[in-house]
Each structure stands twice: as structure tokens, then as C-alpha cells.
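The numbers here are math on the coordinates, done by the rules we state, and not lab data. Model, not experiment: these values are computed from the prediction. Virtual Cβ from ideal backbone geometry, glycine too; neighbours counted across all protein chains shown.
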Amino acid sequence: MRGIPYNKEKHLAKCLSIWTDVGWLEKGEEKLVERLFDSSDALVGEHDGEAVALSFAHSGTLRHASHHQDLPFCAISAVTVAYHVRKLGFAGTLTAELLARGAERGEAFAGLGMFEQGFYDRLGFANFPYTRISEFRPSDLKLSGSFSSEPVRLSKKNWADIHRCRISRLRWHGSINLPAAITRADMEVNKRTFAIGFRDTDGELTHHYVVRSVKGEHGPMSIAWMAFRTPKQFQDILLSIKSFGDQIDLVRMQEPTGIQFQSLQQRPISSGRRSSDSPHSKVGIRTGCWSQGRILDVEACINGMECTGAQYNFNLILTDPIGEYLDPSFKWRGCGGEYTIELSESSNTQKGLTANLPVMKCSVNTFSKLWTGTAKPSMLPYTDNIEAPSSLLEELDKTLVLPEPSFDWDF
């Protein structure tokens, strides 16, 4: 089995049919989805001469706290297989080939949103930390003040402005930026999507938030994302959301990176108790892991890292399961192999092992957790298959001091 590059004339109709069957495409959205296909690196799986699977990726950038520049990133944006050919290997093969194509373009790290725990582990992916979804009454927000500028309503026609604002947002460790085509699709995928934003005196959109939908007259209101650069801009957004409190009973949104939203609410715990019997307006925090990532290029991820602790060198014997899913024609066979790793103010990687250094043996899944800061090195033996002296892992606790990562962009 081998993926075939997507050909619009040959494959579009069947791919739209697949998306309709799985519930990803509503009537009237064909042009939107067509643009999304066209903007991506897309592969099709064929069975009996017709397209039965479509997977595609977009190239972006990833921010890592120990790197001065963003790293090239491969976003697996969609993996779709027709119902009648499930379990024949299309999803695994097409995803693996998209990763290989990304690696051969020079992309250092990859990510995706998973439908269930375990499926993508076999391709070297590892979990990102939990995401927190805050559900709250807008009237309970405990802040006051005035807007820095008058709020304006934005529609899908403003997608280019929204994208420019989105990619210049305040960013943290693990955050990604993706192409404009993704923002355009995000704005157009739901007819009820709109945004509220703020412009400066020159008319530039400086901060905004996107409302995916409002269910009925009183909500819930679902907020897809927000983009801001300063505390005052964040306050503007919250003041705008609070102003809906007389009508909207519940707002649902992902907590921004580094911000504990519960501390911004009045009586969140008692509000949660009082709403416990209201399935559509229950106040509280939901947590779950829906994102995974994996290293594609060890040297690109390690070289140039500025680590805070003392210099530390070790040998790494890395396994990567992805090779068995790749056709022999791919030069990239995964990133498994033997490495000498130097973590320092200017970290470096060399192929091969160095005598008299401690040795770590693990999968790319586990090493991706370590590199992203998803797991503390000394805790990995409790959850992952890793062989390493405890002294090595304890040293890495001191050298790799990283915040929890977050893609901060659903895809």
C-alpha cells in the first residue's frame, strides 16, 4: 500500500463524499473544504481504483522555550478513511508517509489531534499535557474597567485580519503557528462563527476572540480561541465576554496558556455545586488530553538549545516504530539510532555513542515527552518504557527545566 498525491480532478468528488459520510462536511461547505485540500500536502489511499482515504498535513512553526527561533513544524490536519475500508491500514500508512514527507522538507517536530488514546502511539506520537476547558457564567467574572477601544464585530470576510492578529499573539512554550488557509477554514467551517475584536488608532486589529457558536438564546456560547499580547488586551476580551452576562448563562472556552481561569471568577466552586444538575449549564473545569506530538529530527530539536543547568552529556539509543509503515522509497525512516547528546548553553548532537557516558534507551515517543517538557525526566520510568540510570534522569531534571507545552491552536 502506498499513498497517492491528491489530484483535484481525479479525487475531489470521492474525498468530499468521504467527508460527508463521516460527518465532517455539511451541504454548502464544499468550496471551503476544497480550498483546505488545495492548501495542504495531501495523500489519497485507493482501493479497487477509487479514493477511499484522504490525509493531509500543513507546514507551520513550533516555539520551544530553549530555542531562540521557531522550529519547522508538521501539522497532521486530517486523517479520514471511508467506513467500508476501516482497519485495512490506510490511516497508519498515510499518516506515516505525511510525516516522512514533512521530515524530508526539513520539519523537526510533528503534532496532531487524536481521536483516541493509543492509535498514533504506534507511529511514535506521545501525549501532550492535559487541556483545561473552562465553563463559567460570564456574569461571574470579577473584573471591572473600560475598553481600550470600541469592540467591533468581525465575520469570515475579516479572516485575513484575524489571521495576522492570531499569528502575532502572545505565545508560550509549545505554541504553533499555521498557514492562513487554516484560519480561513476555522472562520468559515461553521456558519454561526464570528469574532469580536479591537483595533488601534491606525485600524490594525490588535486582539480578538472567536465565537464558534451560541446555542439558543441563552447559550452555551463556545469560544474557539482568543489572541492578545498584553494584560490590558486580555482584560478587554474578558470585559466583552462579561457584558453578555444578562443573557448568556454559560461560556465554554479553552483556558489560555499559563492562566488559571478559576481565579478570575466569583464563587466558582459554589456555582459548580448549584449547577451540578444542569447538564447544559454546569459550571466547572473539564480536563482531557487530545493532542500528541513527536520528534522528526533529533539534531534539529537538540542543536542550539540553551539549557539552564550545568552542561551534561549522555548517550541516547533511540527506537522509532514508524519505519514498518513506510515504503522503501522514503529516505527518511524515522529518527531512531544512536546519538551523543550534549545539553548546555549551546546544546549539540552527534551521531554515534561516546565511551564512558551514561546511556538512555527509549522510544521516540518517550524522548518527545522529555524534550517538550510534558513529563519530568525522573518520572518517565513510572509511565514509559525507558532504561536509564536514575542519576542521569535526576541530572536532566535540573538541566531541562521547561514549562508544560501547549499547541495553543486546535487543528
Q) Got a sec? How would E107, E387, E46 order by Cβ neighbour count within 10 Å, fewest to most? A) E387, E46, E107
Q: Calculate one ³J(HN,Hα) per residue across the stretch 61-75 by plugging θ = phi - 60° into the Karplus curve 6.51 cos²θ - 1.76 cosθ + 1.60, and present them in order as whole Hz with x for glycine and proline.
A: 9, 10, 9, 10, 4, 9, 10, 7, 10, 5, 9, x, 10, 10, 9
Q) GNM on the chain, C-alpha springs below 10 Å: top fluctuator among G323, G334, G258? A) G258
Q. When only C-alpha pairs under 8 Å and at least 6 residues apart count, what is the relative contact order of the stretch 4-129, in percent?
A. 21 percent
Q) If each of K27 and K232 carries a label point 7 Å out from its Cα toward its Cβ, how far apart are those two points in nm? A) 5.0 nm
Q: Report, to the nearest 10°, how far helix 90-104 tilts away from the longest principal axis of the Cα atoms in the chain, using its own Cα long axis and a range of 0 to 90°.
A: 80 degrees
Q | Relative contact order %, the stretch 132-287, counting alpha carbon pairs below 8 Å whose residues are six or more apart | A | 36 percent
Q: Tabulate in residue order the Karplus-calculated ³J(HN,Hα) for the stretch 157-168, using 6.51 cos²θ - 1.76 cosθ + 1.60 with θ = phi - 60°, rounded to whole Hz; enter x for Gly and Pro.
A: 5, 9, 4, 5, 4, 4, 5, 4, 5, 5, 6, 9
Q: In nm, give the distance between the simple-model label positions of A160 and R273, each being 7 Å from the Cα along the Cα-to-Cβ direction.
A: 5.4 nm
Q. Taking the radius of gyration and the Kirkwood hydrodynamic radius from Cα positions alone, what is the Rg/Rh ratio for the stretch 132-287, to two decimal places?
A. 0.95
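If a/c stays under 1.5 just call it rounded; otherwise compare a/b with b/c (prolate if a/b is bigger, oblate if not). Do that for the stretch 82-136, with a ≥ b ≥ c from the square roots of the Cα gyration tensor eigenvalues.
oblate
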(Q) Could you tell me the center-to-center distance, by alpha carbons, between the stretch 240-277 and the stretch 57-77 in angstrom? (A) 32 Å
Q | Dipole in debye (nearest 20) - the chain, about Cα centre, beta carbon charges: Lys, Arg +1; Asp, Glu -1 | A | 1160 debye
Q: Answer with a single label: of (i) 43, 24, 19; (ii) 32, 27, 21; (iii) 37, 29, 20, which was calculated as semi-axes √(5λ) of the Cα gyration tensor in Å from the structure in view?
A: (iii)
**Q.** Acute angle (nearest 10 degrees) that the helix 390-399 long axis makes with the longest principal axis of the chain, alpha-carbon atoms
**A.** 50 degrees
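Roughly speaking, what % of Cα-Cα pairs in the stretch 306-411 are separated by over 21 Å, rounded to a whole number?
On the way: 2189 of 5565 pairs.
Percentage above 21 Å: 39.
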Q. Straight-line reach from K361: which lysines have Cα under 21 Å away, leaving out those fewer than 8 places along the same chain?
A. K351, K369, K376, K398
Q: For the stretch 71-219, just say rounded, prolate or oblate: build the C-alpha gyration tensor, square-root its eigenvalues into a ≥ b ≥ c, call rounded for a/c under 1.5, and beyond that prolate if a/b exceeds b/c, oblate if not.
A: prolate
Q | Rounded tilt (10° steps) of 8-21 against the dominant C-alpha axis of the chain | A | 60 degrees
Q.
I want to verify a result. In a Gaussian network model of the chain, Cα cutoff 10 Å, which of these has the top mean-square fluctuation: W159, W172, W24?
A. W24
Q. In terms of Cα to Cα distance under 25 Å, which lysines are near enough to K31, apart from those fewer than 8 places away along the same chain?
A. K8, K10, K14, K156, K157, K191
Q: Select from S263, T340, T131 the residue farthest towards the positive end of the dipole of the chain; place +1 on Cβ of Lys and Arg, -1 on Cβ of Asp and Glu, and compute about the Cα centre.
A: S263
